[in-house]
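> Before anything else, here's the structure in question.
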Amino acid sequence: MSRIARRDGFTLTELLVVVALLGALLMVALPAARRALEIFAVRSARETLTAAVTRTRSLALNHDGAQLQIDAPSATLTLSTGDSARTDTWNLHDLHGVTVTIEHSARTTAFVVYDRLGIGRLANLTVRLTRGDATGGVTFSAYGRPRAW
């Protein structure tokens with residue numbers, strides 16, 4: 001009776017072929033994954049901005065008004081109440097890696113101001129959020145209502 005020797009493991013050629021195939025798959029998948037991460041970062045930053053606006057309006061009702069300062073160069077949101085009881089800050093660049101621009105304006109800082117009745121007092125305002133190729137933003141009406149896009 002003849003015994004056939006059984007080999008465990010893989011040859012170097014088989015391992016190299018598998019590594020080459022995995023490398024090719026990664027090269028195809030990486031740009032799509034990077035693009036998806038950029039889109040999700042912009043969406044998350046947009047949700048942070050709209051949540052900050054909602055919080056500002058809510059606090060305005062109980063604190064004699066409130067305002068949200070949007071500083072585009074530092075990508076910072078600063079909420080402050082009319083009676084100086086609260087101040088909150090969010091840095092969108094640190095949190096989400098986005099840049100902030102204020103559309104159709106030469107100014108780099110904008111204010112979303114709500115009176116003690118929760119009514120916004122501002123000119124129409126559009127804030128654009130960008131990371132890589134992904135872009136999104138929020139447009140505010142004259143009464144401070146945000147609309148994400």
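> When all C-alpha to C-alpha distances in the stretch 12-148 are sorted into bins of 10 Å, what percent of pairs does each bin hold, rounded to whole numbers?
It works out to 12, 36, 24, 11, 8, 6, 3, 0, in whole percents.
> What value, in deg cm²/dmol to 500, does the helix sum -39500 (n - 2.57) over DSSP H runs of n ≥ 4 give at 222 nm once divided by the residues of the chain? Before the final figure, lay out the partial values.
Working: 2 runs with 56 residues, N = 149.
Roughly -13500 deg cm²/dmol at 222 nm, from the helical runs in the chain.
> Then there's this: If you project the alpha carbons of the stretch 81-138 onto their three principal axes, what span does each projection cover, largest first, in Å?
40, 25, 18
> Say each of Asn62 and Ile119 gets a label point 7 Å from the Cα, pointing the same way as Cα to Cβ; how far apart are those two points in nm?
2.3
> In addition: By how many degrees, between 0 and 90 and to the nearest 10, does the Cα long axis of helix 12-62 differ from the longest principal axis of the chain?
Here the helix axis deviates by roughly 10 degrees.
> Full-extension gain between Leu21 and Leu95, please, as 0.36 nm times their residue separation minus the C-alpha to C-alpha distance. Let's see the in-between values first.
Working: separation 74, 0.36 × 74 = 26.64 nm, distance 3.55 nm.
Contour length minus Cα-Cα distance gives 23.1 nm.
> Let me ask another. The stretch 105-149: Rg/Rh from Cα coordinates, Kirkwood Rh?
1.04
> Right, another one. Once the piece of chain linking Phe111 and Asp88 is laid out straight, how much longer is it, given 0.36 nm per residue of separation minus the C-alpha distance between them? All intermediate terms of the calculation are to be shown ahead of the outcome.
Values: separation 23, 0.36 × 23 = 8.28 nm, distance 1.44 nm.
Answer, rounded to one decimal: 6.8 nm.
No value in this document is a laboratory result; all are computed from the given coordinates. This one's a predicted model, so the numbers in the text were calculated from it and none came from an experiment. In this analysis, Cβ positions are derived from the backbone assuming ideal geometry, glycine residues included, and neighbour counts consider all displayed protein chains.
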